[in-house]
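For reference, the structure discussed in these notes is given below.
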Ligand code: NDP
């Protein structure tokens, strides 16, 4: 296990809570809310910085999102980060998750572990996407409540919104229409996670919140052609076409769908802002508020990679949702805004890819 334990004792016996932070933060069960007396979202410790020695479990800390959050917390000087790889602790295993939480007693949880993939993986393995993600979420959220985690951030995805939601999509459009069928199983699991977070707040007064990031990219991305998302898939395709001197690259669909892309380092900053300053049942959209067509994205990637051949579009392949742009008014009201422009972000991601390829 990767831990940075600071004051937190590695093998605290059952029931023993050891960090200085516990004396500064009240335990959740002492809140009037958990006895059913206070209105949701009315916590009085909003906008409190995460103590530097808080025991923070970043679930999925080796992935794109979890890795960026982990790096960001390290840069801020956090001394008690907790991270298990899936080989060390399979979060689908309920007993193992409860044992891990009993031993390590995290105080803050970022739930960025999930089975994640693009259209191909989602439409080929819908049962796995549904089952794995439901189990991961239920186990972590239940264990967090059982062991008194003080703040939890659940990460969903913008695919939870209806396929034909009006644009830009506000948080209120959740559960107002049919989902995009290619990833409906994954989306249903994520929607269940949002409702689980809301139910924990209502029933137990937990300070649990959820955030819905738009399409993400950045260092640590998945470039596997079978499972990758559109942006890393394009980086790989154009890079290989350049290296192999291919005269053209064929891409899926018409190139007309519009998508929004957020650099994962921007998301990591947003996650901290949310953990510190947001306490409400409604999920929070996190994106740039700007979108590009897939064709524009392809042109930007080809330019960064230096591919000068032709681009062809296989229109027999599905386009997916025509447009997906998040309304990010609410997260921006917390004082966060994205800092990395798309082309710069693609450049950094391509540099990272080249180092590993
Ligand atoms: P990655 O595939 O990069 O990382 C997923 C992480 O989850 C890995 O660290 C993996 O651990 C861990 N994990 C998967 N299954 C298990 C398991 N059974 N037990 C323990 N750990 C497990 O995904 P992302 O970082 O891209 O996604 C993270 C979250 O962000 C997801 O909830 C996703 O929905 C959300 N999100 C992602 C977007 C994107 O564009 N990538 C867009 C919007 C939301 P290990 O490496 O040890 O196997």
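For the chain, with a Gaussian network of springs between Cα atoms less than 10 Å apart, report the residue from 250, 170, 293 with the top mean-square fluctuation.
Of 250, 170, 293, the Gaussian network model singles out 250 as fluctuating most.
Stretch residue 86-residue 203 to full length: gain in nm at 0.36 nm per residue minus the Cα-Cα span?
Residue separation times 0.36 nm, minus the Cα-Cα distance, leaves 39.1 nm.
Distance between Cα centroids, the stretch 287-340 to the stretch 181-248: provide it in whole Å.
A separation of 14 Å, based on Cα centres.
Assuming a ≥ b ≥ c are the square roots of the Cα gyration tensor eigenvalues, decide whether the stretch 136-234 counts as rounded (a/c under 1.5), prolate (otherwise, with a/b larger than b/c) or oblate.
In terms of gyration-tensor shape, oblate.
Compute the helix-to-body angle for 230-244: its Cα long axis versus the longest principal axis of the chain, expressed 0 to 90° and rounded to tens.
Approximately 40 degrees, to the nearest 10.
Using only Cα atoms, find the angle between the long axis of helix 126-146 and the longest principal axis of the chain, and express it within 0 to 90 degrees, rounded to the nearest 10.
20 degrees
Show me the ranking of peptides 84-91, 195-202, 314-321 by mean Cβ neighbours inside 10 Å, starting with the highest.
Highest mean packing first, the order is 195-202, 84-91, 314-321.
Using only Cα atoms, tell me the angle between helix 264-277 and the longest principal axis of the chain; keep it within 0 to 90° and round to the nearest 10.
On a 0 to 90 degree scale, this one is about 30.
Determine the shape class of the stretch 73-176: with a ≥ b ≥ c the square roots of the Cα gyration tensor eigenvalues, call it rounded for a/c under 1.5, and otherwise prolate if a/b is greater than b/c, oblate otherwise.
prolate
Apply the a/c threshold of 1.5 to the C-alpha gyration tensor of the stretch 162-287 and tell me whether it is rounded, prolate or oblate.
In terms of gyration-tensor shape, prolate.
Per residue, what volume in Å³ does the convex hull of the Cα atoms of the stretch 234-325 enclose?
109 Å³
For residue 293 and residue 124, what is the calculated FRET efficiency with R₀ set at 25 Å and r taken between the beta-carbons, to the nearest 0.05?
Using R0 = 25 Å, I get an efficiency of 0.45.
Tell me the mean residue ellipticity at 222 nm calculated for the chain from its helices only (DSSP H runs of n ≥ 4, each -39500 (n - 2.57), averaged over every residue, nearest 500).
Helices in the chain give a 222 nm mean residue ellipticity of -12000 deg cm²/dmol.
Restricting to bridges with both residues inside the chain, how much of the DSSP beta-bridge set is antiparallel, in percent to the nearest 5?
Given both bridge residues lie in the chain, the antiparallel proportion sits at roughly 10 percent.
With 33 Å as the cut-off, how large is the P(r) tail for the chain, expressed as percent of Cα-Cα pairs?
28 percent
Would you give the gap between the C-alpha center of the stretch 254-272 and the C-alpha center of the stretch 106-128, rounded to a whole Å?
17 Å
Place the peptides 301-308, 152-159 in order of packing, highest mean first, counting for every residue the other Cβ atoms within 10 Å and averaging per peptide.
Ranking, from highest mean packing down: 152-159, 301-308.
We did not get these values from a lab; they are worked out from the coordinates using the rules stated. Since this is a predicted model, take the numbers as computed values, not measurements. We place every Cβ from the backbone using ideal geometry, glycine too, and count neighbours over all the protein chains shown.
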